[in-house]
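Asks: Sharing a structure below in structure tokens format, with a few things to ask.
The values are calculated or read from the model by the stated rules, or taken from the named source; none is laboratory data. Please read all numbers here as calculations on a predicted model, not as lab measurements. Counting neighbours? That spans all protein chains shown, and the Cβs are built from the backbone with ideal geometry, glycine included. For accessibility, only protein heavy atoms count, side chains too; no ligands or nucleic acids. Shrake-Rupley method; radii C 1.70, N 1.55, O 1.52, S 1.80 Å.
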Amino acid sequence: MTDMGGFRDAVGGWAAGGGGAVARELAAGAGVRAVVLVEGPSDLAALETLAGRLGRALAAEGVCVLSMGGAMNVGRYAELMGPPGLGLRITGLCDEQERPFYDRALDRVGAPGQGVFVCVKDLEEELIRALGVPKVEEIVEAEGDLVPWRTFTRQPAQRGRSPQDRMRRFLGTKKGRKIRYGHLLAESLDPGRVPAPLDALLACL
């Protein structure tokens, strides 16, 4: 059985300063051949859900999506996963402003960043744009968040912002909401409307 959860936990402990023996053992046992470095758990949830929606089982394919706890950690994860460490193929998904961190980290370990795919603002914005705000509002209503959403849109700070930007900001206003909606938005996405960076990433894996 592919133990990607155990591998993720072992890598997280290694990145935090622990030993790498368990991660090495689990990588071999799970048949890990590639990792996708993403900033946080909402990106992981969305990407794995979308892959499943498209009939892909990333773990069975030997691909592990790793949430790094922030883009500034990409250097450490690239060192552990790339040629200096496990020697796995590295790909990544990041926001436009984070691309320089990814490029420098991958260049430093000898894993050039052609496999880094870039969202303009963030993954949530890409999904909201692909679905359209009315569809996302339907999901928000189904989840019981319509009243908080409408209250949020009436705040003075939200005046003048586009509906897409307001929705994107709303998803980040409560702990755990981005993770939950990352899964829900990806699950609702029409396979023919996959945002370009996600489509390109999945195609290269």
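Asks: For the chain, which span is the longest to avoid every loop-located (per DSSP) member of trypsin sites (Lys or Arg not before Pro) having at most 16 other Cβ atoms inside 10 Å?
Replies: My reading of the result: 57-120 is the longest stretch.
Asks: I've got another one for you. Want the number for ALA142 to ASP3: 0.36 nm per residue separation, take away the alpha-carbon distance, what's left?
Replies: 46.8 nm
Asks: Report the Rg/Rh value for the chain, based on alpha-carbon coordinates and the Kirkwood definition of Rh.
Replies: Taking Rh as the inverse mean 1/r over Cα pairs, Rg/Rh reads 1.00.
Asks: Can you tell which of VAL136, SER162, PRO148 lies farthest toward the positive end of the dipole of region 74-187, using +1 and -1 charges on the Cβ of basic and acidic side chains (Lys, Arg; Asp, Glu)?
Replies: The residue sitting farthest along the positive end of the dipole is PRO148.
Asks: Ignoring ligands, DNA and RNA, please state the percent of accessible area on the chain from carbon and sulfur, probe 1.4 Å.
Replies: 50
Asks: Continuing with the same structure: Would you work out the charge dipole size for region 73-126 about its Cα centre, treating the Cβ of every Lys and Arg as +1 and the Cβ of every Asp and Glu as -1, and quote it to the nearest 20 debye?
Replies: Its charge dipole is roughly 400 debye.
Asks: On to the next question. Run the numbers for GLU96 and ARG159: contour at 0.36 nm per residue of separation, minus the present Cα-Cα distance, in nm.
Replies: Numbers: separation 63, 0.36 × 63 = 22.68 nm, distance 2.49 nm.
Using 0.36 nm per residue and subtracting the Cα-Cα distance, I get 20.2 nm.
Asks: Hey, got a sec? Which GluC sites (Glu not before Pro) in region 80-180 land in a DSSP loop and have at most 16 other Cβ atoms within 10 Å?
Replies: Qualifying residues, ordered by number: GLU143.
Asks: Round to the nearest 10 and report in Å² the accessible area of ASP9, as given by a 1.4 Å probe over the protein chains' heavy atoms.
Replies: Estimated to the nearest 10 Å², ASP9 gives 120 Å².
Asks: Report the charge-dipole magnitude of the chain in Debye, nearest 20, computed about the Cα centre from +1 at each Lys and Arg Cβ and -1 at each Asp and Glu Cβ. Write down the numbers at each step before the final one.
Replies: Values: 26 positive and 26 negative charges, 103 e Å.
Once rounded to the nearest 20, the dipole reads 500 debye.
Asks: Let me ask you something else. Choose one answer from MET167, MET72, MET81: the residue with the largest mean-square fluctuation in a GNM of the chain with alpha-carbon springs under 10 Å.
Replies: In the Gaussian network model the winner is MET72.
Asks: Whose amide H sits under 5 Å from the amide H of LEU86, counting only residues 5 or more places off or on another chain, with H placed in the peptide plane?
Replies: Hits under the 5 Å cutoff: MET81.
Asks: Mean separation of Cα pairs under 8 Å and 6+ residues apart, divided by the residue count of region 77-205: what relative contact order is that in percent?
Replies: 26
Asks: Please list, in order along region 66-77, the HN-Hα scalar couplings obtained from phi with the Karplus expression 6.51 cos²θ - 1.76 cosθ + 1.60 (θ = phi - 60°), rounded to whole Hz, x for Gly and Pro.
Replies: Result, ordered by residue: 10, 7, 9, x, x, 5, 5, 8, 4, x, 5, 5 Hz.
Asks: Efficiency by 1/(1 + (r/R0)^6): what FRET value for GLU25 and ARG53, r their Cβ-Cβ distance, R0 = 30 Å, to the nearest 0.05?
Replies: The formula returns an efficiency of 0.40 here.
Asks: Follow-up. Which of ALA57, ALA71, ALA21 moves most in a GNM of the chain, Cα contacts under 10 Å?
Replies: Among ALA57, ALA71, ALA21, the largest mean-square fluctuation in the Gaussian network model of the chain belongs to ALA21.
Asks: Would you mind getting the accessible area per residue of the chain, heavy atoms of the protein chains only, 1.4 Å probe, in Å²?
Replies: The answer is 47 Å² per residue.
Asks: Add -39500 (n - 2.57) for each DSSP H run of 4 or more in the chain, then divide by its residues: what number comes out at 222 nm, to the nearest 500 deg cm²/dmol? Write down the numbers at each step before the final one.
Replies: Working: 11 runs with 110 residues, N = 205.
Helices in the chain give a 222 nm mean residue ellipticity of -15500 deg cm²/dmol.
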